[in-house]
Structures are given as C-alpha cells and as structure tokens.
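Working notes, structure below.
What follows is calculated from the coordinates using simple rules that are stated; it is not laboratory data. Note that the structure is a prediction, hence the values are computed from the model and not measured. All Cβ positions, even for glycine, are placed from backbone atoms using ideal geometry, and neighbour counts span all protein chains on display.
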Amino acid sequence: MIAKISLTLASMAAVLLAMPVLAPLISGDGWWWTGLICVVVVALTGIGVRAVRITVVLVPLVQALTAVCALTAMFAPEQAVAGIIPTPSSLDTLLSTFADGQAEIDREPSPISPSAGVTLFIATCLGLVAIVADFLAVTARASALVILPLTALLIVPLVVEDQGVDWAAFAFVAVGYVLLLAVDGWTRNAEWGTRVGAGHDTVSPVLGGLRHVLTSAGVAAVAIALALLLPLAVPGLSSNSLYAMADGSRLDEETMTTTHPLVSLRRDLTSTSDRPVLEYRTSMPRPDYLRMYVLDTFDGENWTMSSLRADSDNLIGGGPLPAPPGQTDPTGDRVMTRVTLAEDTAFDFLPVPYPPSDVTIDGEWFADPESLMVFSTREQEGLEYEVDSYRPAPDAPSLRRDIPPSADLDRRYLAVPEEVDSRVEGLTRSIVSEAETPYESAMALQNWFTADGRFDYDLRPPPIPQGEDPLAYFLFDSRIGYCEQFAAAMTLMARQAGIPARVAIGYTSGTRGGDGTWQVSGSDAHAWPELYFEGQGWLRFEPTPASSDGQGSASVPSYADPASGDGAETSDASPTPAESPEDSAPAEEGVSAAESEPSEEPSEEPSKGPAASGSDDENASGGLSDSPRWWTAALAGAAVLLLAAVPALARSLVRRFRWATAAQGAARAHAAWSELCDDTADLGLVWNTAKSPRAVAHRLGSEVPHSAREALWRIAMAEESARYAPRPEVPKSLDADCRTVRAALRAAQGPGVRLRAALLPASVLRIPWSGERRPARPKTA
Amino acid sequence: MSLDTRYNGHGDGLPGNPDGVLATAARIRQAIETVIEGKPDVVRIALTVLFAEGHLLIEDIPGVGKTMLAKALGRAVNCSVQRIQFTPDLLPADITGVSVYHQERHEFEFNPGPVFANIVLGDEINRASPKTQSALLECMEETQVSVDGATHSLERPFMVVATQNPADMEGTYPLPEAQRDRFMARISVGYPTPQAELDMIDTHSSRSPLDDLRAVAEAADVRTMVDHVRTIHVASGIRRYAVDLISATRTSSALRLGASPRATLHLVRAARAYAALEGRSYVVPDDIQALAVPVLAHRLLPSPEAQMERRTPERVVSDIVAHLPIPSPR
C-alpha cells in the first residue's frame, strides 16, 4: 500500500513538474492553480480508491469523475448541487466554457490570456494526463511509460512555439520523470529485496535500497542526457533549441535548419491581436511591405519554400547583397530602414523591404541570392538592424513591354501542378483574355480580385466541404477568405497566365506612430503575390481587399494601382492610410468558435508539408566538383569500412595478446578460459557468474557436437585446476582446443549471429574492470 | 547441479594409498545402494558426512527408509552400531550411561550408554524431551561423555545419524535451531521412483536386504579416509566463495537467521569429503554448490515474509547459489 501511495504521489509530482512547459504559451498565471488542483484531486482519488480495493480498471473512471467534480466546483459552482455535484446544466456550462477555450486557443497566437475557457481546457488536459500517468505508473506498474503522457505535454510548446521548449522547463520534466523512476526503483526494492550480492561487498538493506533507487534513477538520467546530447553530435539533427519543429535539410556545405515558417505564421495571418512585433524608422513617407518568406513551390495543396543554402558565399556582411534578379537597372529611391524587434519576438527570417541592397546586423545571417530572403540558422531575439533597399518604381514603358522571362529564371516559378481544378485555368483565361502584355494580365487579375462585391474578406472563412478542392472552392463557391487565399490564388493564376509568380509573406507597413516610427503588430501579418517582369524583377501586387473591410494596413503599390493612372513614378499616390488595426478584424461576436478547425484551412495552408522540395539543389552540386567528390566518397567509404573493422580488429588483437602473454601452466589455462568466455559472449551466449567452469562446460556441451565436447571439457578442467588445485595440470593443446570449440560454437549459430560476432564482438565492448559478465539468464539453458 | 563423476580432475598423487581409500569408499557406497535403491545423491551425502566427521540428520515422513539408510551405513562398515529409539520418557542417562555403585569393589563403576559406538542411530530424535536431546547433542559436539566428573572419550569414527519426522507431525518436540546447527547436513530420502518401488516389492517382500548386507570396510578404513579428507586442498577462491555464500544467507531478506560460523566450517569440511569421494585432491565450486542446501538449509530460519510466500530455506539457499558470483581467481 505504501508503495502504491508513493508511486501515485510520484506520478503526480511528475505531472506537476511538467506544467512549466506550458507556461510560455499562456500569458497570465491564473491557470496554474486550477491545473494543480485537478492533478492533485486525481492523485488523491487514486490513493483513496486503491485503499478500498476496488477493481483497478475502475480507478481511472472514478478519478475522471472526481476531476469533473473538481472542475465543476471551480467553473460552474452555481448550477451544481452543493457547488460540487455536477448537474446537467452545470455540465452544459462546463462544455460550452470548454468549447470557448478550445476555440480561443485555436484562434489566438501564443501567449494567450488565461480566460475561463482556456483555464478549463488546460485543467482538463492536465487532469487527463494525470489520470493516464497514474494508470501507467500505479495500476500497470510501468512507470517508464509515464514518459508518454509527459511527452504529450512537451509536444504542445514544440508545435506551437518555434523556439521549442525552455531548457529549464525541460529540466523540470526530466527531474520529475527521474524522480518517478527512482520511487519505482525504491518500491520494487522494498517488494523484491535487494539483489543477492557477494559477501565481501555486503551492504545494509537501506544502502541496498538506495543503490537500487540510484540505479533506476541513474539509468533514466543517463538516457535523458544521451537523448539530448546525441542529436547534437549527428549532423542534420542538431537544432538551435530543444527540438524545435525542425526541417533539417541536408545541404551542400552546411546544414541549414529552418523552422517551418507557416506553423506559427498562419496563426499570425489570422491574428487580430495588436501585440507589437516590431517598430521601424524609415526615410520614406509611405514605406513598403516588410517581407520575410517567399513560398515558391505549390504541390496542389500547400505552398512551400524551397530549401535554402546557408553557406559562406551568401553570408551577410562585408558587401552589398546580390543584385535583385531580373532587374536590369535598379531604379527608384534608396530607402533606409532601421528595424527594432519587440521584446518577446524572435525571428530567423528578417522582415525587410524588397529588394534589400544591404543589411547591417550582428550575428550570422545569410541572404538567399534568388529570393533575397535574409535568414539565420536559428531564431534570435532582440534584434536591431538596418536595411538599405530600393523602392521599386518601374517605369511605365518598360512595364508595358512584352518580354518573355529570361531563361535564367527557374521554371518552378511557372509550375502549375496537375491537381489544380481545370475550372481555374478557364477562369484565368477569361480574365486575361483582353490583356496584351504580362503587366496587363497581372493588373487584370488583381482587379478581378479587388472588384467591389466579388470577394468578402473574413479571417474565419467558412469550412470547406469534404472532398472539395480548397482553391476552387474559394474561387467559385465561397469567395470568402483572407490574405492567404487571395495571395495564393492570384499567384497560381498568374502562373497560368504565363507570369512567373510566388507568394510572399511578411508584414504590411503597419501604422505610423506619433514620433515618426512605424509600429507593426501581429494583425499586420500579411501574404501577397510577387510577380516577375523581365527587366523589372519581382514586383508585389495586392489582391487582398484593403481598408476596414479587409486587411487594414494593406496598400496597393503605385505601379499596380489602377487609380493612379499610368501608375509609374507617382509612387506615393496610392497606399491606403492604415486605420487602427483593431478595425481590421471582423466582428468577433456571434461567430461560433468551433468553426475554425485546422482541417478547414484553405488550400494555401502549408503547415502540413515540410518545406523541403530541394528541387534546385542539383544546380549547385553538378559540374566542376565531380572528380574531387568521387575521391571524397571513396575515402569516406574506406574510412567507414575501416571503422567497421575496428571491433573485429580489437577482438583479434586481444586474442593474440592473451596467448602471447600467457607463458605456462595456469596462465595458459586462464587465457584459454578467457578466450572461451569472450567467444561465447561474442555469439550472445551468456551465463551468470554463479556458474563454475564445469557447469559452464556442461551447458555449452549441449551446443556443440561430440568432437568439440572433449576440447571444451579440457579447457574447463584446465581452468578449474588452475584456479583451485595446489599444483595445476594444464594440457598442452589448449590453443588448438580453443579453436575447435570456437568453430563448433559458431557453426551451431545462425548466420546473423555469426556475422554479428565477427563484426561487433560483444566481448570487446565489455567493460574490462567490471569483473563480471552480464548477469543475464543463459539464453539457451 | 551436475553430480556427474565422469569428468573428474586428474588431481595429483594422493598421500598414502589413495586408490585403496577410494576403492573402499566406492565399496561402501555400492553396499548401501543395494539397500537404498535409486537414491545415489542421498547415499553420497551420507558418506560425505561420514568422512567429514560430521553428523547426519535425516528428516522425512515415516516409512521412506530413514532408518534403513542409517542401518545400512552401520552394517556396511564393520564397526559398532548402536540404535537409540527416542521416546518422550527417555532420560539423558539412557544415552550417555550411568555410574553405578559396585558392591564388591566398593566403588562407582561407569556403565557406558549406547552412545559409545562408532555409529549411533538416533531414531525419531524429536520425540524425546529437549533435555534428553541435548544430552546426545553434547556428545556429538565434544566427542566425549562427562558423567560424574569423569570424562570418557568416544571412539573414532563417531557419527550420529538421527532421524526425525517433519516438525509438524504429532508428538514431536522440534529440535531447537541451536541443536540443528550441530548436524553437518540434513537430507530427506523422499519417495522412491515408481520403478524402484516395484523392485522393492519384489525384493523386500520376502526378506530384508539388510540381512544380505555384509561389512565391506573396517573402522580403520574409515579413519584412513577421514585422514585423507583432511589433506584435500581448499584454494583461497573456494574459501572466499564459502564465506560469500554464508554471508549471503545472513544478509538475505528472506531469512531471519543466517548460517553460523560453525556452518562455514562444516561446509568446507563437507566439501573436502565430497571432493575426496570424487577422487579429486582439491575442492571446486561445484562441491560447495552441491552441498549448500544439505549443509545450510536446516540451520536457517525463514523471515515471516518468506514464510508467507512459502519460500522454504532450501529454495532461498538454492536461489543464492544460482546467483552468487563465484569469486574470480585473479
């Protein structure tokens, strides 16, 4: 009973210690108490129920009941009997509060404020985790498996937060887990007694129990440490923070790990929060958008980013960035922008105006020459940087020219996957039918989207019916969406119209503060299409409705603004002044929270696919470097072979050394015996150290044919005599006997075992000073 | 545990005439095995105890041949055998003997009791009162009898073979642990195999096989063998192993009372005899392992927890033997 109580308390402690991993996701601290009470109630119920000895299967049920009672008392005491017994109406209240919380969590980017619903949701999850942990640790007596519910908690910040789990929070989880295993070890020791030890290292029962506890806890601690350290040693697995949801793409010179941009960003795109993200000062009266990511690949469902190269060639510093592709003579005003990130914001892709010509920033940052994305291999906080950029001001005549995109431009910017609904193609054709140049096509597309009344802007678009193509559904049926849908649809349609296009994601210019700075908040997150015109490079368009009915701070660039006439140099004519960002959100009330399920995301929702397409990797790896590569591969192969041969080599050296140093008599007998032990260990035949030489020989004798049995006995008898006889008698033929026995033992095993024995002899890996073989049961006894 | 004798170490030359000694031992064994059929291990332990100068406790249910074994042992060796049937009214003097006043010579004269013999068979020892039991057990330990201030030595070899019924049978006084400790080994005969029982019906129904048993050895032969046993080599590794084993019984949580230092001595002595019976001139761990249960189990008291789990001391000892590492020779 004591054991069960201790285990229950230990599993409770493990769950409680795992709670801090949720802390970064929630802004206040109101949720701590409810979660704690829920977990404690579950544990106390477990203790109480087990004391009355009902069927163990019922324990989780009773725990769930009391947990519901506790939640009722905390969240709906008015409707409950005596403030604690749930009634139908109190359960209704609980359920609706729960649904509210769920919706809120789904909607808001972290950290969220702990409203009643959120608190209830978290408390329920913690209670569930506590019940599962309790069941595993106490009822199933499989404490090690408690890591599963704990991992469920750990995963939450990993998925939501790009920077992963705080190391201190992780340490708490680890400590809780180790503690649980230690208690488990202690109870097992109390139940089963200590392992029988040799008399000369006898310890008291207390010490023995302590050793038991330390063993189980130590094993767990070592395992956790290994799990943490090993990935750092393996290239491709390392990551800046503890297991950020990483897409580690193996690249040419250095491994570049990018956090998937859209997991968190999608929340930002639908965000209505005015949490400040950054602020900047600029030399322009009407600054342009700040771009972070470029999504260039569409697989029919998701837009993703091609993998990037982070190598010394595109390291920033000591010179201007590469020229923007396709722009023959950079024209337009030079813009100087000084950006300061808000306190709790961390980026691995910098928001910069396009096209940047120079970036001044501390640390290791890279610029992708093709997209001019500025990125790092890890997220960084508290950044301050300066960007020099051009304000794209294409002149009308050159825009109007009909020049096909140069052959240098990657074809992927024109790729349209086959899965796209054929109606879309028809639609595109009809829209651009009258356009004569790419520019006119682009304008036609943009105008089609922004035409009054055709599309509705809503951050919570209606759910897509099962089986519908999200893109087609957006274009033909619902016509309700937000920047993601607009940008993605226009990008694809531009490609169909023959204009290279890609989706850009970042922030709008934000709102102007009183002191001349521009404030950018979460609600300013935005997505827009970038279209390519030969000679002008990539130009952004704005199909998303702006102003209060749409993305509040969006603006149409002058060259793309139909209202600005010919659209050329009058660069500061058009942007719609930003209104207060709160207005940009659609009315929140009245919208059932349950509607925004992840599965209902429109086509552009890219969070499902990893952002690695790697289609352009071959470009860099072919060509000149062929022959050195061949040599490298050969050398690497030889090195691997050599490494693989090391254990076998070591085994053979040990054998030679043994016979060489064993001069006479007893030493030879010991050498032969050690050889026999090692050979059997290599083959995976083990016996415990309580077996005498003749008992071992007796057992092994059943494995080998008659011919080898005699040799086996000679070895065993020689060892016995060398150990115990006053004048040992050792036959001369021991080395030959060893060979006979080894061959016979090997022949008795399967080919897999033989191969393992040859390549990875277990005896070499044995710690020589431990003095005892593995105390495992004999496999074949 | 292998009791195989096929693979004896060759050993080196035994002092005296070892082959002769061994041959004697083998003859005694064969002779006893004609009476106790199908129980070679029991006979071997009995001989081991004889040559190790210990005393043997045979504990078993009635009718499986406890007394027969003891008698056969006494018959096979041509020496004096006395049998004492223990009953509740038996007095100490009935065992040790009494001094009586000699009317003619006007002095006390010592009339030796049945304990003055080479092999003393104490039948159903746990039926006598504790006082009487302890009188016999003192003789066993000291190999001498003190009556009325005079000390009378007992003749070598001196071996007590006591039989007892299991402690929970009616009309028994269980031997206290202090007295059980004086027996070198405890064995139980056990039921015979069906085949042995069939044979027994054929042979024993007409006449007792004991009648046919002729002495195959003299008391002097036994003394020679005992002397030979004392020369058997016990390597330091074996000594440490024996101590480890004893210590493990003292620290085991399943045992309330561990083995005494006397048990250590008994274990090593028995192991010597066991090795000698195998024709070896040195003790190997297998000897210790074979003897651990018979030599140690009857001295141990299980802890209450072990009792509840029905873990007998025999099982505890064999568990310890199965897991205790044999000290590495280097």
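Based on other C-beta atoms within 10 Å, arrange A:ASP313, A:ASP348 from fewest to most.
A:ASP313, A:ASP348
Hey, what does the equivalent ellipsoid look like for the stretch A:276-331, semi-axes from the Cα gyration tensor as sqrt of 5 times each eigenvalue, largest first, whole Å?
Square roots of five times the eigenvalues give 24, 20, 15 Å.
Shielding by partners for A:685-693, please: the mean number of other protein chain Cβ atoms within 10 Å of each residue's Cβ.
Counting other chains' Cβ atoms within 10 Å and averaging over A:685-693 gives 5.
At a 10 Å Cβ-Cβ cut-off, how would you order A:SER96, B:SER260, A:SER521, fewest neighbours first?
Arranged by neighbour count, lowest to highest, A:SER96, B:SER260, A:SER521 become A:SER96, B:SER260, A:SER521.
From the phi of every residue in the stretch B:308-318, what ³J(HN,Hα) in whole Hz does the Karplus formula 6.51 cos²θ - 1.76 cosθ + 1.60 yield, where θ is phi - 60° and glycine or proline is x?
3J(HN,Hα) across the stretch B:308-318, in whole Hz: 5, 7, 6, 8, 6, x, 4, 5, 4, 5, 5.
With no solvent and one point per C-alpha, what does the Debye sum give as log10 I(q)/I(0) for chain B at q = 0.06, 0.10, 0.13 Å⁻¹?
The calculated log intensity ratios at q = 0.06, 0.10, 0.13 Å⁻¹ are -0.22, -0.61, -1.03.
Could you list which residues have their amide H under 5 Å from that of A:GLY535, counting only those 5 or more apart in sequence or on another chain, with H placed in the peptide plane?
For A:GLY535, the qualifying residues are A:THR328.
Need one number: convex hull volume per residue for the stretch B:27-221, Cα atoms only, in Å³.
Dividing the Cα hull volume of the stretch B:27-221 by its residues yields 138 Å³.
Once label points are set 7 Å from the Cα along Cα→Cβ at both B:ARG156 and A:ALA82, what is their separation, rounded to one decimal in nm?
So the label points at B:ARG156 and A:ALA82 sit 8.6 nm apart.
For B:246-252, what's the mean count of beta carbons from other chains sitting within 10 Å of each residue's beta carbon?
For this peptide, the per-residue mean of nearby foreign Cβ atoms is 4.
Given 10 °C and 1.306 mPa s, how large is the Stokes-Einstein diffusion coefficient of the stretch B:232-325 in µm²/s, with Rh as the Kirkwood radius over Cα pairs?
120
Compute the projected area of the convex hull of the Cα atoms of the stretch A:2-233, averaged over all viewing directions, and report it in nm² to one decimal place.
For the Cα atoms of the stretch A:2-233, the hull's average projected area reads 15.1 nm².
At most 16 other C-beta atoms within 10 Å and a DSSP loop state: those are the exposed GluC sites (Glu not before Pro) I care about. Give me the longest piece of chain B that has none.
B:171-308
Just grab the label-to-label distance for B:PHE110 and B:ALA215, each label 7 Å out from Cα along the Cβ direction, in nm (one decimal).
Label at B:PHE110, label at B:ALA215, 2.4 nm between them.
Quick check for you: which residues of the stretch A:422-438 have the amide N under 16 Å from the point 7 Å beyond the Cα of A:GLU468 toward its beta carbon?
Under 16 Å, as judged by backbone N against the label point of A:GLU468, lie A:422-424 of the stretch A:422-438.
How would you order A:117-129, A:353-365 from highest to lowest mean count of nearby Cβ atoms within 10 Å?
Output ranking for A:117-129, A:353-365: A:117-129, A:353-365.
Taking H as built 1.01 Å from N, whose amide H comes closer than 5 Å to the amide H of B:ASN111, not counting residues under 5 places away?
B:VAL98, B:SER99, B:VAL100
Taking the beta-carbon count within 10 Å as an exposure proxy, list A:HIS698, B:HIS233 from fewest neighbours to most.
B:HIS233, A:HIS698
At a Förster distance of 35 Å, what's the computed FRET efficiency of B:MET200 paired with B:ARG310, Cβ-Cβ distance as r, to 0.05?
Approximately 0.65, to the nearest 0.05.
For labels at B:ALA26 and A:ARG727 in the simple 7 Å Cα→Cβ model, what's the distance in nm?
Calculated label separation equals 2.3 nm.
Would you mind calculating the relative contact order of the stretch B:27-221 from Cα pairs under 8 angstrom and at least 6 residues apart, reporting the percent as a whole number?
Computed over the stretch B:27-221, the figure is 33 percent.
How many partner chain Cβ atoms sit within 10 Å of a residue's Cβ in peptide B:316-327, on average, as a whole number?
Across B:316-327, the average partner-chain Cβ count within 10 Å equals 4.
Rounded if a/c is under 1.5, else prolate if a/b is larger than b/c, else oblate: which is the stretch A:632-770, with a ≥ b ≥ c the root eigenvalues of its Cα gyration tensor?
Since a/c reaches 1.5 and a/b is larger than b/c, the shape of the stretch A:632-770 is classed as prolate.
Distances over 18 Å make up what percent of all Cα-Cα pairs in the stretch A:304-425?
Counting every Cα pair in the stretch A:304-425, those more than 18 Å apart make up 62 percent.
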